[in-house]
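Below you'll find the structure, written out as structure tokens, and then a few comments.
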Amino acid sequence: MRILYNLGIRLYGLSIFIAAFFNEKASKWKMGRKDIFIKLKQAVQNSNQPLIWFHCASLGEFEQGRPVIEAFRKKFPSYKILLTFFSPSGYEARKDYKEADYVFYLPLDTPSNAKRFIEITKPVIAIFIKYEFWYNYLNALKNKKTPSFIISARFREGQYFFKSTGSWFRKQLHLYTTLFVQDNGSEALLKRFGISNVIVCGDTRFDRVIEISQQAYINLLVEKFKNGENLWVCGSTWEEDENLIFPVFESLVRSGQKIKLLIAPHETSEERIKNIQNKYPASIPYSTANEDRVSKASVMILDKMGLLSYLYRYANIAYVGGGFGKGIHNLPEAAVYGIPVLFGPNYKRFIEAEELIQRGGGFSISSTQELESITTKLLVYESYMKDCGQAGASYISSGKGATGKIISELERFLNS
């Protein structure tokens, strides 16, 4: 199985190499790894300080790990922090992240790459975030007797680890020193398969979104855009989401609802923004807006990264995208503000979605009709909208504290 795994990794690298000739994201993936070991060596070679390595797949996982990175920096200022990404969307957005001393792409998970990476960086601890399972890196860390952890992980029946053919993949989980999981169900499942190095700590994103929600923040442009009306903030959307959102928004306006729409696509390339503008010509991009233009507009496109988690505070209702694709994006960053959160049908892998639905703070929709029905009810019955929002906010508040649990455990290893 190891031979097949390594073959698959190399084939994946070859496919990216070919795709890079005509795909911008693949090109960034390839070019970002050019001369990576030379650059890594140059970056770390003159430091005598111990180094801790954090790795995340993309931007969403980074936000999950960010509270731990920043808490670690505060608790252990003498350590250097190396942050790596697998995806260009994460690297490009956070390559200048000030809390990390070094930010790089992760080289492809081949045995030689993993061994060379560990030999150059010499981490004293490695932390993977949520869903990152790279066998060769974990094995190289194990061979160097370097503790490795995964944080905010969640496991469920049906994952390849727990299938009849998954025994080799389960070995990866034994390579971790400790697995910090989000819920008791994950712990029980892992222990059923003989994996006992597990600690239930919750979701670190909750700490992050609570922190953001408590920060003083004013956006005069969005305040002018809202202009006292209801604001529907749709974040991290894809075309499948927008195919429902725009018709429903138009219907709400025709019915006499005083409402405006702030839409934040998951990808903000120039082509993507133009595509949205073509669908809704009256919309204006945030980057080119001014107070005069926004006061007259009904739809604004957020084409600037890093603002969405702050702008949800202006919303009366939120929609979080991704639920018609691989899975929903960050629900807690909207729910923390005490607003109802809507999302698509693909939410079964996300415990926060299940909890929000159960508590009345979240709603899954599968069609234009469902989306319009729920948004209309929320807008018409204001007390119902507030109760739903408060139910979601209470759930987020109850999950605070995961970061502190992880930092305490890391401190135990560092002091041992």
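Normalised by the residues of the chain, what does the relative contact order come to in percent, with Cα pairs under 8 Å and at least six apart? Intermediate results must be reported in sequence, preceding the final value.
Values: 721 pairs, mean separation 51.8, N = 416.
Relative contact order for the chain comes out at 12 percent.
Using 0.36 nm per residue, how much length does the chain from Glu24 to Lys304 gain when fully extended, once their Cα-Cα distance is taken away?
Details: separation 280, 0.36 × 280 = 100.80 nm, distance 1.90 nm.
Extending this stretch completely gives an extra 98.9 nm.
Listed values for the range 262-267 are Karplus-derived 3J(HN,Hα) couplings in whole Hz (6.51 cos²θ - 1.76 cosθ + 1.60, θ = phi - 60°), namely 10, 10, 10, x, 4, 10, and x replaces Gly and Pro. How big is the gap, in Å, between the Cα center of the range 239-266 and the Cα center of the range 312-382? So the separation of the two Cα centres works out to 14 Å. Using the Karplus relation 6.51 cos²θ - 1.76 cosθ + 1.60 with θ = phi - 60°, the per-residue 3J(HN,Hα) values for the range 235-246 come to x, 6, 8, 10, 4, 4, 5, 5, 5, 9, 4, 5 Hz, with x marking Gly and Pro. Distance between the modelled labels on Lys95 and Ser15, one decimal in nanometres: 2.5 nm (7 Å Cα→Cβ projection).
From the Cα gyration tensor of the range 15-109, with a ≥ b ≥ c the square roots of its eigenvalues, which class applies: rounded if a/c is under 1.5, or else prolate if a/b is larger than b/c, or else oblate? Mind showing how you got there, number by number?
Working: a/c = 2.97, a/b = 1.58, b/c = 1.88.
The shape class here is oblate.
So, in nm, how far is label Leu7 from label Lys405 when the simple model puts each one 7 Å beyond its Cα toward the Cβ? Output for this residue pair reads 4.1 nm.
In a DSSP loop and with at most 15 other Cβ atoms within 10 Å, the GluC sites (Glu not before Pro) in the range 227-262 are Glu229.
Can you pull the Kirkwood radius for the chain, inverse mean 1/r over Cα pairs, to one decimal in Å? All intermediate terms of the calculation are to be shown ahead of the outcome.
On the way: mean 1/r = 0.0439 Å⁻¹.
Roughly 22.8 Å, rounded to one decimal.
Report the trypsin sites (Lys or Arg not before Pro) located in the range 308-365 that are in a DSSP loop and have at most 14 other Cβ atoms inside 10 Å of their Cβ, or state none. In loop regions of the range 308-365 (DSSP not H, G, I, E or B), the sparsely surrounded trypsin sites (Lys or Arg not before Pro) are Lys326, Lys348.
What is the range 76-165 by shape, rounded, prolate or oblate, if you read a ≥ b ≥ c off the alpha carbon gyration tensor as root eigenvalues and call it rounded for a/c under 1.5, prolate for a/b larger than b/c, and oblate otherwise? Can you show the working numbers first?
On the way: a/c = 1.70, a/b = 1.36, b/c = 1.25.
Cα axes put the range 76-165 in the prolate bin.
Model label points for Phe37 and Ser295, set 7 angstrom from Cα along the Cα-to-Cβ axis, are 6.2 nm apart. Using 0.36 nm per residue and subtracting the Cα-Cα separation, the extra length available between Arg73 and Ser373 on full extension is 103.3 nm.
Between Tyr160 and Ser398, what is 0.36 nm times their sequence separation minus the Cα-Cα distance? Round to one decimal in nm.
Values: separation 238, 0.36 × 238 = 85.68 nm, distance 3.12 nm.
Contour length minus the Cα-Cα distance gives 82.6 nm.
Straight-line cross-link reach from Lys377 at under 27 Å between alpha-carbon atoms covers these lysines, not counting any fewer than eight positions away in the same chain: Lys224, Lys226, Lys258, Lys260, Lys279, Lys296, Lys348, Lys386.
All of the numbers you see were taken from the coordinates with simple rules; none came from a lab. From a predicted model like this one, the values you see are computed outputs, not experimental measurements. Glycine also receives a Cβ, built like all others from the backbone with ideal geometry; neighbour counts cover every protein chain displayed.
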